[in-house]
Amino acid sequence: MSSPRSRIAAHIRDIPRSGIRDFFDIVSTMKDIISLGIGEPDFDTPWHIREAAIAALERGSTSYTSNLGLLSLRQAIARYGERVFNIHYKPENEILVTVGVSEALDLALRAIIEPGDEILYHEPCYVSYAPVVIFAHGKPVAVETRAEDGFRLTRAQLEAKVTPRTKALLLNFPNNPTGAILEPHDLREIADFAIQHDLIVLSDDIYAELTYDGRHTTIASLPGMKERCIFLHGFSKAWAMTGFRMAYACSTPELIEAMMKIHQYTMLCASIISQEASVEALTDADADVEEMRAEYHRRRNFLHNSFKEMGLPCHQPRGAFYAFPYIGHFGLTSKEFALRFLDAEKVAVVPGTAFGECGEGFIRCAYATGMEDLQEAMRRLARFIHSLQPNARPQPNAC
Ligand code: PLP
């Protein structure tokens with residue numbers, strides 16, 4: 001009889017578990033930890049959005065919806081896209097409501113990948129990207145971004161990795177875990193690259209509202225991009241709605257139809273209660289989003305100044321709610337640093353290697369945590385690094 005492990009499909013068996021989950025299994029066994037670990041807003045979902053969910057239940061909205069999602073929600077998504085991002089998608093056939101950006105990513109990749117197709121993505125990045133490409137029998141091809149470039153992605157880096165098998169490029173700015181953004185001229189270069197090599201662009205804009213030095217531009221809004229872009233966005237971050245599991249994909253009717261077929265046979269539809277709440281989120285929550293963004297901005301400034309004061313090089317995060325300081329000069333790996341910091345000071349941060357090999361030498365600190373805890377965490381971090389090697393100096397070009 002075959003061994004239980006050998007019965008698992010090789011492409012699933014060989015994928016390591018998420019580094020974040022393993023680390024937080026350890027954290028969950030400990031008491032009184034300050035966590036800068038999980039990328040989840042510390043705010044409650046605004047009350048009127050929760051009320052919309054309650055009202056949906058009271059009305060008896062407990063059924064399936066159209067596979068694409070409620071038309072009223074798709075209309076609200078179309079209006080929001082025009083108003084905020086200058087993108088134009090038809091509610092009837094260019095928008096698909098999904099169970100988180102997680103599902104949208106999976107559908108998009110499964111819809112486009114033939115076995116062996118290569119998908120370019122930049123590292124450090126969100127932990128799911130390479131695994132979901134592999135689940136779809138594609139080949140993830142990482143393009144390293146570097147602290148000294150502000151973790152921007154450039155056309156030259158992409159040109160070095162593109163091959164005749166490259167099918168698509170996966171982008172995420174504002175970025176998890178670095179907080180990097182791309183300027184419109186960076187996006188234009190990348191759009192030209194995608195057009196020249198005839199690539200599909202999956203643009204994960206989940207942190208679009210959380211920028212601190214100007215408004216976000218999505219690559220999907222640039223001329224020539226609508227026909228090759230899959231725009232992915234969701235409610236988890238800026239609306240603090242992680243548990244609602246709500247997101248959407250916008251693209252051409254052909255790509256949306258292909259994604260919808262997989263969604264139809266595997267998920268059927270997103271929860272109607274969450275969909276009703278999301279209509280409220282898109283139509284009447286700009287002020288709530290702005291209030292949360294302003295608080296993240298305040299925390300971003302505090303964290304960045306704290307790192308500066310303690311001599312930790314850190315690229316200024318310009319979006320999302322993560323900072324990615326350099327700790328490589330202390331002679332510990334990222335994992336050793338995070339484990340020893342947790343053990344000594346009871347503060348959880350994520351080793352940079354959870355986001356790709358080039359995250360070695362960095363830690364991710366999420367500032368989706370209240371200001372008092374952040375202040376205490378920074379006091380403890382200063383004490384910890386002082387105890388390590390008071391004379392350690394950062395490498396000159398670390399950030
Ligand atoms: N994309 C990025 C870049 C993320 O950071 C996350 C969550 O951390 C997701 C997607 C998943 O989001 P969702 O809750 O919509 O599935």
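Within the stretch 104-111, the presence of a residue that is over 26 Å from Val350 (Cβ atoms), more than 16 Å from the ligand (Cβ to nearest atom), of a type in the set (D, E, K, R) and out of contact with any strand residue (DSSP E or B) (no Cβ under 7 Å at 6 or more places or on another chain) is excluded.
Of the residues making up the stretch 233-254, just one is under 13 Å from Lys90 (Cα atoms) and either within 7 Å of the ligand (Cβ to nearest atom) or of a type in the set (A, V, I, L, M) (or both), namely Ala249. Examine the stretch 276-291 for a residue that is closer than 22 Å to Ala323 by Cβ and away from the ligand (no atom under 16 Å from the Cβ), and state whether such a residue exists. Within the stretch 276-291, one or more residues are closer than 22 Å to Ala323 by Cβ and away from the ligand (no atom under 16 Å from the Cβ). Of the numbered criteria (1) without any contact (Cβ under 8 Å) to a residue 24 or more places away in the chain; (2) open to solvent by less than 60 Å² (accessible area, probe 1.4 Å); (3) within 22 Å of the chain's Cα centre (by Cα), the one Leu107 fails is (1).
Within the stretch 249-286, the set of residues being among the β-branched types (Val, Ile, Thr), open to solvent by 10 Å² or more (accessible area, probe 1.4 Å) and more than 22 Å from Ala52 (Cβ to Cβ) comprises Thr252, Ile262, Thr266. Inspect the stretch 278-289 for any residue being within 24 Å of Arg21 (Cβ to Cβ) and of a type in the set (Val, Ile, Thr) and give the result as yes or no. Scanning the stretch 278-289 turns up no residue that is within 24 Å of Arg21 (Cβ to Cβ) and of a type in the set (Val, Ile, Thr). When the residues of the stretch 151-201 are filtered to those that are farther than 29 Å from Pro325 by Cβ and among the small types (Gly, Ala, Ser), the one that is nearest to the ligand (Cβ to nearest atom) is Ala168.
Restricting to the stretch 253-282, name every residue that is β-branched (Val, Ile, Thr) and touching a helix residue (DSSP H, G or I) at 6+ places or on another chain (Cβ under 6 Å). Once the filter is applied, which keeps residues that are β-branched (Val, Ile, Thr) and touching a helix residue (DSSP H, G or I) at 6+ places or on another chain (Cβ under 6 Å), the stretch 253-282 yields Ile262, Ile273, Val279.
Restrict the check to the stretch 368-385 and report whether at least one residue is under 24 Å from Gly19 (Cα atoms) and touching a Pro at 6+ places or on another chain (Cβ under 8 Å). Checking the stretch 368-385: at least one residue is under 24 Å from Gly19 (Cα atoms) and touching a Pro at 6+ places or on another chain (Cβ under 8 Å).
Which condition number does Gly39 fail, the rest of (1) open to solvent by less than 10 Å² (accessible area, probe 1.4 Å); (2) of a type outside the set (Val, Ile, Thr); (3) under 30 Å from Arg380 (Cα atoms) being met? Exception for Gly39: condition (1). For the stretch 53-79, the tally of residues that are crowded, with 16+ Cβ neighbours inside 10 Å and either β-branched (Val, Ile, Thr) or within 16 Å of the ligand (Cβ to nearest atom) (or both) stands at 4.
Filter the stretch 193-242 down to the residues that are acidic (Asp, Glu) and open to solvent by 30 Å² or more (accessible area, probe 1.4 Å), then identify the one that is farthest from Leu282 (Cα to Cα). That would be Asp198.
Cβ-Cβ contacts under 6 Å between residues 6 or more apart (or on different chains), taken from a first residue in the stretch 135-155 that is open to solvent by 80 Å² or more (accessible area, probe 1.4 Å) to a second residue that is part of a strand (DSSP E or B), are listed as Lys139/Glu118; Glu144/Glu123.
The criterion of being open to solvent by less than 50 Å² (accessible area, probe 1.4 Å) and either among the β-branched types (Val, Ile, Thr) or at positive phi (or both) holds for Thr369. Screening Asp25 against (1) outside any loop (DSSP other than H, G, I, E, B); (2) within 16 Å of the ligand (Cβ to nearest atom) leaves a single unmet condition, (2). Within the stretch 86-98, can one find any residue that is touching a His at 6+ places or on another chain (Cβ under 7 Å), within 18 Å of Met267 (Cβ to Cβ) and within 14 Å of the ligand (Cβ to nearest atom)? There is at least one residue in the stretch 86-98 that is touching a His at 6+ places or on another chain (Cβ under 7 Å), within 18 Å of Met267 (Cβ to Cβ) and within 14 Å of the ligand (Cβ to nearest atom).
Number of residues in the stretch 202-232 that are within 15 Å of the ligand (Cβ to nearest atom) and not in a loop (DSSP other than H, G, I, E, B): the value is 8.
The values are calculated or read from the model by the stated rules, or taken from the named source; none is laboratory data. These figures come from a predicted structure and were not determined experimentally. Cβ coordinates were reconstructed from backbone atoms using ideal geometry, including for glycine residues, and neighbour counts include every protein chain displayed. In case anyone asks, the SASA skips ligands and DNA or RNA and just uses the protein heavy atoms, side chains included. Shrake-Rupley method; radii C 1.70, N 1.55, O 1.52, S 1.80 Å.
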